[in-house]
Structure formats: structure tokens, C-alpha cells
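Comments concern the structure below.
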Amino acid sequence: MKVGHQLLQWSDTLATGIARIDQQHQMLINILNDANNCFRAGGNAEAQAKAIEDLIGYTIYHFDSEEELMESGGYGDRLPDDEKAHVREHRAFAKAATEYQLALKQGKAIDHETLFGFLNNWLVNHVMGTDQELGKFLNGGC
Ligand SMILES: [Fe+2]
């Protein structure tokens, strides 16, 4: 395990109770922390772009997994509005993160605190709100 500054740390308050989702969220947090450390360490533009690419790649993979679980669990059949809103949040995040990635590729100066503040806040809010609702449903609640 890499040692470094932890922008975000896993804790039980983030758990949804769905093992696959929770494992992926822990991985996402590790990748986010690694990317943050790369920027903090003043990594070159190439390293920064790679760190963001890794983060986006894993995030998209994770969103696909969650959306598969929604599908197989009948989330959209029972709570179509909730499912649509959840998927919309995923799409909005992917769009915003991809815009940051493009700006980095174009060599635009991006404020590191702003970028990681956005990533961190989004993740915490989404995992503690929207994903909790999904977890409750998949665990047999309502
Ligand atoms: Fe989600």
C-alpha cells in the first residue's frame, strides 16, 4: 500500500452493505488519493494526465457495475425515477471529469485544490447519498 496524504479515507459511514460496490468504492478512494498525491508532488503534465485517466477509467467501470446491479436487481422497475436520477448523476460526473481531462491535455493550468475538491465532494456526496439509497434497495429494504 502506498503511503501518502489521504484526501479521502474509507470508513464504515461510506459502506452501502453491497460487497461489490463497497470494494469498488475503496479502490476508487485509493486511486483518487494516488492521483491527488501525484498532483501534490508536482508530477509532470504527462503523469497528471495519466493519473486523471486512471481515475476516470476506473470510475466509468464502477458506474457500469452499479448500473448492472440496478438492472439485475430490478431497481428501475420498482423505482424508475430514482434510477434515472442516479444514472444522471453518473453521466454528469463523467462529463465534468472528462472536461477536466481535456483541459489538462490542452495544457491549461488547472488549480489542483479546485479539481480535487470537486472530485472529493462529488464522491462523498454521491456515495453517502445516492449510493446508500441503492444499497438499501438491493439489500431488500425500500
Ligand atoms: Fe452511484
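Taken together, the values in this text are just the output of simple stated rules run on the coordinates, not laboratory data. The model shown is predicted, which means the values in this text are computed figures rather than measured ones. For neighbour counting, all protein chains shown are included, and Cβ atoms are generated from backbone atoms with ideal geometry for every residue, glycine included.
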Consider Asp77 carefully, then state whether it is loosely packed, with under 12 Cβ neighbours inside 10 Å and either within 14 Å of the ligand (Cβ to nearest atom) or under 25 Å from Gly140 (Cβ atoms) (or both). yes
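When you check Ala96 against the structure, is it among the small types (Gly, Ala, Ser), within 19 Å of Asn120 (Cβ to Cβ) and crowded, with 17+ Cβ neighbours inside 10 Å, yes or no?
no
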Of the conditions (1) surrounded by fewer than 18 Cβ atoms within 10 Å (Cβ to Cβ); (2) free of Cβ contacts under 8 Å to residues at least 40 places away in the same chain; (3) more than 14 Å from the ligand (Cβ to nearest atom); (4) assigned to a helix (DSSP H, G or I), Glu53 fails just one. Which one is it? (2)
By residue number, the members of segment 100-142 that are within 16 Å of the ligand (Cβ to nearest atom), under 18 Å from Ala35 (Cβ atoms) and surrounded by fewer than 12 Cβ atoms within 10 Å (Cβ to Cβ) are Asn121
Check whether at least one residue in segment 63-76 is part of a loop (DSSP other than H, G, I, E, B), over 12 Å from the mean Cα position of the chain (by Cα) and either of a type in the set (Val, Ile, Thr) or at positive phi (or both), and report yes or no. yes
